[in-house]
Ligand code: X90
């Protein structure tokens, strides 16, 4: 038996038919704290954060919360949001070392996905597929690493306020965006940080840039996973534009969890694809 454990930036609190646990990050202001788990009302949290005038921030899971999620498992695949933007990978590694000290027979691999959300989802699905073929721990680790180097992440923002406020993108870029009423398309770099790649005015232009940039990255009709922050229509429209070119597209659209919603902000979508 194996278990997959991912931090809550993967957008899912459960995964049918496998042993899966999500470890929540937290979001907070001076007045309230939200735990990004299955009990979080994402819409209520987002409304509150939008109306709140002070600073808001996020925090990575504690070592103890990882350890709790590892307990009882013997073969663990742990997926984290990029170490380029979060301490989550670091806390997962500390927990993994501690777990191995107390459970010398266990096997634990922590993946720094250099990404988040839908690209983590693709990796989860890959690991499930590899385990269904009865691959060993070593084989799964090797093939999962290879797979991760072929997937990519793209996202659109209408506001970068929360990223800028938390020092994760440039403040000048963030305020220019707010004034111009444009969307920014970005990608995750191989190092796992955010790279803005273009700006568009209007949804049709944005959809065209999504398709263009994905194809530029080598996309040829592989799997697509998209999470959205209260903008299912945009996710659907990007999928339809791709489906016109790739009729057999395997796509799955779902609402973003708390962490991704907070950073991509209302109206944003995050797309993971096999390239
Ligand atoms: O440790 C923490 O407090 C969490 C910090 C996370 C900061 C960034 C989250 C970004 C989420 C934005 C689009 C995709 C980013 C691409 C990653 C390289 C969503």
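The values are calculated or read from the model by the stated rules, or taken from the named source; none is laboratory data. This is a predicted model, so every value here is computed, not measured. Note that each Cβ is placed from the backbone with ideal geometry, even for glycine, and that neighbours are counted across all protein chains shown.
Numerical summary
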{"item": "Single residue of the range 123-139 satisfying the filter (in contact with a strand residue (DSSP E or B) (Cβ under 7 Å, 6 or more places away or on another chain) and more than 14 Å from the ligand (Cβ to nearest atom)) that is nearest to residue 259 (Cα to Cα)", "result": "124"}
{"item": "Exclusive hit being in contact (Cβ under 8 Å) with a residue 24 or more places away in the chain and outside any helix (DSSP H, G or I), set 214, 184, 207", "result": "184"}
{"item": "Count - residues of the range 15-25 that are over 16 Å from residue 225 (Cα atoms), away from the ligand (no atom under 14 Å from the Cβ) and part of a loop (DSSP other than H, G, I, E, B)", "result": "4"}
{"item": "Residues of the range 91-109 satisfying the condition of being exposed (fewer than 14 other Cβ atoms within 10 Å of the Cβ) and touching a residue at least 12 places away in the same chain (Cβ under 8 Å)", "result": "105"}
{"item": "Residue 91 vs. criteria modelled with pLDDT of 95 or more, under 18 Å from residue 192 (Cα atoms) and outside any loop (DSSP other than H, G, I, E, B)", "result": "yes"}
{"item": "Search result, residues across the range 44-66 that are at pLDDT 95 or above, touching a strand residue (DSSP E or B) at 6+ places or on another chain (Cβ under 8 Å) and part of a helix (DSSP H, G or I)", "result": "45, 65, 66"}
{"item": "Complete set of residues in the range 222-273 that are part of a loop (DSSP other than H, G, I, E, B), over 14 Å from residue 151 (Cβ atoms) and in contact with a helix residue (DSSP H, G or I) (Cβ under 9 Å, 6 or more places away or on another chain)", "result": "229, 230, 249, 256, 257, 265, 266, 267, 268"}
{"item": "In the range 171-202, the residues that are modelled with pLDDT of 90 or more, surrounded by fewer than 17 Cβ atoms within 10 Å (Cβ to Cβ) and closer than 27 Å to residue 240 by Cα", "result": "189, 195, 197"}
{"item": "Those residues of the range 228-250 which are in contact (Cβ under 8 Å) with a residue 24 or more places away in the chain and farther than 30 Å from residue 35 by Cβ, in sequence order", "result": "237, 238, 241, 242, 245, 246, 248, 249, 250"}
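Per-residue answers, yes or no, for (1) at pLDDT below 95; (2) more than 16 Å from the chain's Cα centre (by Cα); (3) within 11 Å of the ligand (Cβ to nearest atom):
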position	(1), (2), (3)
212	no, yes, no
236	no, yes, no
239	no, yes, no
250	no, yes, no
269	no, no, yes
273	no, no, no
